[in-house]
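Notes for the one structure printed next.
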Amino acid sequence: MAEKVDVMKAFYRLLHPRPAVLVTCIDKEGRSNTLAISWISPVSREPPMIIISVAKKRYSNALIKETGEFVVNIPSDKLVENVHFCGTVSGRDVEDKIGKAKLTAKPAKVVRAPIIEECPAHLECKVKQVIDCGSHDLFLAEVVAAYADPEAFKEGLWDQKVARILLHAGGNIYSKPEEFFKATGKP
């Protein structure tokens, strides 16, 4: 094996690819926005909690702090161009970013922030804590509603033939998951 090299400038990409998601949020006047992120993780089953990391300079960071809620919309690989647009254009500079991304905002079930209809699954969230982590804030949130397309998500797993969840490797590089396989438990 070759000698390993220093990759500190891109340390976080050692943990990629990761699911690319569209986080929707809303301001107090009812204007919605979305941003693309891949820094997201479940942190608790009971209560159902997730955490997302959002750069402080992002417009959506202020909106999430303002309203205390957001929706995680989980896109398939068919939405790669829409997701990339949402990750590279600021809602601060573009009115109706969701519409400009050729996506459809629909009312969520519990929170005020909208869902993205084209996505096969959604997690509606209410912020419980904001943690300052330098360049980013972590939003620890309770999942108050979770729903998915029954053809795409069956028996607690994605059906890879129906919904190929978009993965982000870094920059404008994306991938799709391979077919699932099972471990035998024997090294």
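The values are calculated or read from the model by the stated rules, or taken from the named source; none is laboratory data. All values derive from a computational prediction rather than experimental measurement. Because the Cβ atoms are built from the backbone with ideal geometry, glycine has one as well, and the counts that use them run over all protein chains shown.
A few remarks follow.
- Residue ID - modelled with the highest pLDDT, chosen from residues in segment 147-187 that are touching a Pro at 6+ places or on another chain (Cβ under 9 Å) and among the polar types (S, T, N, Q): SER175
- When segment 94-134 is filtered for residues that are assigned to a strand (DSSP E or B) and either aliphatic (A, V, I, L, M) or without any contact (Cβ under 8 Å) to a residue 12 or more places away in the chain (or both), the ones remaining, listed by number, are ALA105, LYS106, ILE115, ILE116, ALA121, LEU123, VAL127, GLN129, VAL130, ILE131, ASP132.
- Residue list for segment 149-187, filter: of a type in the set (Gly, Ala, Ser), on the phi < 0 side of the Ramachandran plot and touching a residue at least 60 places away in the same chain (Cβ under 8 Å): ALA152, ALA163, ALA169, SER175
- Applying a threshold of 7 Å to beta carbon distances and a minimum spacing of six or more residues, or different chains, the list of pairs starting in segment 74-88 at a residue that is under 14 Å from ARG164 (Cα atoms) and at pLDDT 95 or above and ending at one that is of a type in the set (Ser, Thr, Tyr) and not in a helix (DSSP H, G or I) reads VAL80/TYR174.
- Residue match in segment 121-128 (condition: out of contact with any Cys (no Cβ under 8 Å at 6 or more places or on another chain), surrounded by fewer than 17 Cβ atoms within 10 Å (Cβ to Cβ) and acidic (Asp, Glu)): no
- When residues in segment 63-80 are screened for being over 23 Å from PRO120 (Cα atoms) and within 14 Å of the chain's Cα centre (by Cα), 0 of them pass.
- So ASP137, is it surrounded by 18 or more Cβ atoms within 10 Å (Cβ to Cβ), charged (D, E, K, R) and modelled with pLDDT of 95 or more: yes
- Residue match in segment 55-62 (condition: crowded, with 18+ Cβ neighbours inside 10 Å, assigned to a strand (DSSP E or B), on the phi < 0 side of the Ramachandran plot and charged (D, E, K, R)): no
- Candidates are the residues of segment 81-103 that are surrounded by fewer than 18 Cβ atoms within 10 Å (Cβ to Cβ) and of a type in the set (A, V, I, L, M, F, W, C); the one that is nearest to the chain's Cα centre (by Cα) is VAL89.
- Some residue of segment 172-179 being surrounded by fewer than 16 Cβ atoms within 10 Å (Cβ to Cβ) and under 19 Å from ASP27 (Cα atoms): no
- Residue within segment 100-117 that is over 23 Å from GLY171 (Cα atoms), in contact with a Ser or Thr (Cβ under 6 Å, 6 or more places away or on another chain) and acidic (Asp, Glu) present: yes
- Considering residues of segment 26-50 that are under 12 Å from the mean Cα position of the chain (by Cα) and crowded, with 17+ Cβ neighbours inside 10 Å only, the residue farthest from ASN172 (Cα to Cα): ILE50
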